[in-house]
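Please read the structure below before turning to the comments.
Each reported figure results from applying straightforward, stated rules to the coordinates on display, with no laboratory input. Being a predicted model, the structure only gives us computed values, none of them experimental. All Cβ positions, even for glycine, are placed from backbone atoms using ideal geometry, and neighbour counts span all protein chains on display.
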Amino acid sequence: MSEQESSTAQSRAGFVAIAGAPNVGKSTLLNHILGHSLSIATPKPQTTRSRILGVETIGNTQIVFCDTPGIHHESGLLHQRMNAEARSGVREADVVCWLIDATRGLRRIDREEASNLTAERTIVVINKCDVVKKPVVLPLIQSISALLPGAEIVPLSALRGEGVEHLVALLLARMPEGPWFYDADQVTDQTERALVAELVREQLFLQLDDELPYRVAVLVDEFRDLANHTSISATIYTDSESTKRIIVGKGGTRIKSVGIAARQTIEKLLDRRVFLELFVKVKPGWQEDPRFLKEMGL
């Protein structure tokens, strides 16, 4: 009998959607709860493009977290599908953690999406409380209570971990009775190939300026476990020759820097030596190509 099957008696399990506007700290919160970087987190908004599942099993209870893309007003097929992913995650969850940035307060997205939330299954998380003073938070709590009466409100700092343990305790108590969805030692449903592509994309977000990271996509072409290392090749797609030149950099310096940093994070993920080869290709209009977006998981 598997560990999952033996957990059925008196076990609890459910899905929690981590949702909200872009750049409110959703991925940072998930990574802190899980204790490692599963979902890429950068200072730029809309870093997350598709739903990422993270599994936390404590005692007899399993929480399956869904880190969703930030809901936003950008147009185009890519952005439509990102919003659809986020809203689907909210609809399907047993509990929704709706994040609000304490430094920015309630935003247009929060007010628009409130109609899709119910107080009974929503915990409003006020994040980044470590960088604002208490007099700022109290009026925000009042505004949230007026917008979503009856919803539980939890101020915290996902970056520092302050208040996160309390949030997890609330979520554990809300999980319905039932068998676990995953084995106790499983932390995600993502394949290693998918995680590698995200780690390469993370470095592009960190090392490219302004809007350039939003014009790239990453797909892993080859992933081979060999005797002494893992050999990986991946292609970075962008929409123009000018952007390709910026990604490659003078004499290949930029792509080399991206590759070195990505390889180091991938080696930590896989816990073994990695040979990483990156290619850059131009694919005009990929953001509007349904077949390509499906290949990306959107």
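For the chain, averaging the sequence separation of C-alpha pairs within contact (under 8 Å, six or more residues apart) and dividing by the residue count gives a relative contact order of 19 percent. Magnitude of the charge dipole for the chain, about its Cα centre and with charges confined to Cβ atoms of Lys, Arg (+1) and Asp, Glu (-1), is about 1020 debye.
For the residue pairs K244/K283; K256/K294; K256/K281, the C-alpha atoms sit more than 22 angstrom apart in K256/K294. The slack in the chain from Q142 to K281, taken as 0.36 nm per residue of separation less the alpha-carbon distance, amounts to 45.0 nm. Peptide packing for 16-22, 135-141 was compared via the average number of neighbouring C-beta atoms within 10 Å per residue; ordered from the highest value, the list is 16-22, 135-141.
For the chain, the fraction of alpha-carbon pairs lying more than 31 Å apart is 33 percent, rounded to a whole number. Between the residues T188, I63, S257, the greatest Cα displacement towards the positive end of the dipole of the chain, with unit charges on the Cβ of Lys, Arg, Asp and Glu, is found for S257. Here the stretch 3-174 carries DSSP beta bridges of which approximately 25% are antiparallel, counting only pairs with both residues inside.
DSSP beta bridges fully contained in the stretch 192-295 are about 50 percent antiparallel. Sorting 245-254, 62-71 by average packing, meaning the other beta carbons within 10 Å per residue, from highest down gives 62-71, 245-254. In this calculation the C-beta distance from A261 to D209 is compared with R0 = 22 Å, giving a FRET efficiency of 0.90. Taking the longest Cα principal axis of the chain as reference, the axis of helix 192-207 is set at about 80 degrees. Using θ = phi - 60° in the Karplus curve 6.51 cos²θ - 1.76 cosθ + 1.60, the 3J(HN,Hα) couplings for the stretch 88-101 round to 5, x, 5, 5, 8, 7, 6, 9, 10, 9, 8, 8, 10, 7 Hz; x is entered for Gly and Pro.
Other residues with beta-carbon under 11 Å from the beta-carbon of Q190 carry, at +1 per Lys or Arg and -1 per Asp or Glu, a net charge of -2.
Please give the charge dipole size of the stretch 51-210, origin at the Cα centre, charges +1 on K and R Cβ atoms and -1 on D and E Cβ atoms. Round to the nearest 20 debye.
My answer is approximately 640 debye.
Calculated FRET efficiency, N116 to A173, Cβ-Cβ distance, R0 = 25 Å: about 0.60 to the nearest 0.05. Within the shell of other residues whose beta carbon sits under 9 angstrom from the beta carbon of Q287, the net charge comes to -2, with Lys and Arg scored +1 and Asp and Glu -1.
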